[in-house]
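Here the structure comes first, spelled out in structure tokens, and everything after it is commentary.
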Amino acid sequence: MVKSFYFSRLPLIYFGTGKRGLLPGLIKKYGDSVLIISGKSSFLKSERAERLFDELKKSGIRFQITTVEGEPSPDVVDSVVRRYSSGRTDAVISIGGGSAIDAGKAVSAMMYKKESVQDYLEGVGTKDHSGSKIPFIAVPTTSGTGSEATKNAVISRVGPDGFKRSLRHDNLVPDIAIVDPEMTLSCPSDITAASGMDCFTQLTEAFVSDKSCEYTDAFAL
């Protein structure tokens with residue numbers, strides 16, 4: 001007998017080698033002015049980044065780039081929102097690992113808000129997020145977290161009053177995920193190994209969970 005289950009929506013997923021080339025055309029669905037959020041090292045230093053940005057320019061897409069390092073904090077998210085919310089941003093694009101995608105997810109969700117993202121974090125804030133956001137496209141460069149397909153953004157603060165909590169709403173699932181295996185090639189070998197083990201661990205956890213079902217087992221395998 002099949003167990004009952006609830007399944008939230010998935011992003012529109014484009015998977016395959018070279019699928020990053022679809023990005024300019026997909027952005028055009030939303031407009032021609034975007035904010036790109038990335039990590040501080042691997043991708044931005046690669047030839048793939050240079051070629052991708054050239055294609056965006058050729059397509060008439062204006063873009064600004066901001067970087068994050070490590071898990072995004074409320075201060076980082078709030079700072080990016082303050083910097084870019086006054087201008088025109090048709091979509092947010094995250095290119096990077098889980099932290100960059102979580103940062104972009106949170107920024108897209110807070111562009112319409114005046115409060116700090118901390119006010120909406122589970123177990124920390126007192127407000128419920130409405131799910132309103134600007135369009136968000138995730139382009140992962142690691143295999144670890146799966147943030148390109150989830151509805152939550154992990155936000156953390158380090159220190160005596162530190163925490164690690166989620167901004168969560170069904171509507172915060174990325175609108176589009178471009179999963180191009182070649183995007184992982186810019187990562188250092190240690191990051192590739194660590195994120196691969198992260199991926200394996202999470203799939204194992206899902207498979208052995210007492211809440212698993214035939215649907216989740218199919219993905220885990």
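Among the residues of this structure, Y14 counts as one that is assigned to a strand (DSSP E or B) and aromatic (F, W, Y). For the criterion of being assigned by TED's automatic domain parsing to the domain that holds G162 and out of contact with any Leu (no Cβ under 8 Å at 6 or more places or on another chain), S59 passes. On the stretch given as the stretch 41-80, residues that are more than 15 Å from the chain's Cα centre (by Cα), assigned to a loop (DSSP other than H, G, I, E, B) and surrounded by fewer than 17 Cβ atoms within 10 Å (Cβ to Cβ) total 4. In the stretch 157-181, the residues that are more than 22 Å from I27 (Cα to Cα) and touching a residue at least 12 places away in the same chain (Cβ under 8 Å) form Cβ pairs under 7 Å with partners that are surrounded by 13 or more Cβ atoms within 10 Å (Cβ to Cβ) and among the β-branched types (V, I, T), at six or more places apart or across chains, as follows: F163/V124; K164/V154; R165/V124; R165/I155; S166/V154; L167/V117; L167/I155.
The residues in the stretch 83-122 that are buried (at least 24 other Cβ atoms within 10 Å of the Cβ) and among the acidic types (D, E) can be counted, and the count is 1. Does the stretch 109-128 contain at least one residue that is in contact with a Leu (Cβ under 6 Å, 6 or more places away or on another chain) and closer than 13 Å to V34 by Cα? Taking every residue of the stretch 109-128 in turn, none turns out to be in contact with a Leu (Cβ under 6 Å, 6 or more places away or on another chain) and closer than 13 Å to V34 by Cα. Just to be sure, is S99 outside any helix (DSSP H, G or I) and either touching a residue at least 60 places away in the same chain (Cβ under 8 Å) or within 20 Å of S186 (Cβ to Cβ) (or both)? In short, no. For the stretch 34-64, the candidate set comprises residues that are in contact with a Ser or Thr (Cβ under 7 Å, 6 or more places away or on another chain) and not hydrophobic (A, V, I, L, M, F, W, C); within that set, the residue that is nearest to A138 (Cα to Cα) is S38.
When we screen G96, G87 for residues that are at positive phi and not hydrophobic (A, V, I, L, M, F, W, C), the only hit is G96.
The values are calculated or read from the model by the stated rules, or taken from the named source; none is laboratory data. Just so you know, these numbers come straight off a predicted model, no measurement behind them. When we count neighbours, we look across all protein chains shown, and the Cβ atoms used for this are built from the backbone with ideal geometry, even at glycine.
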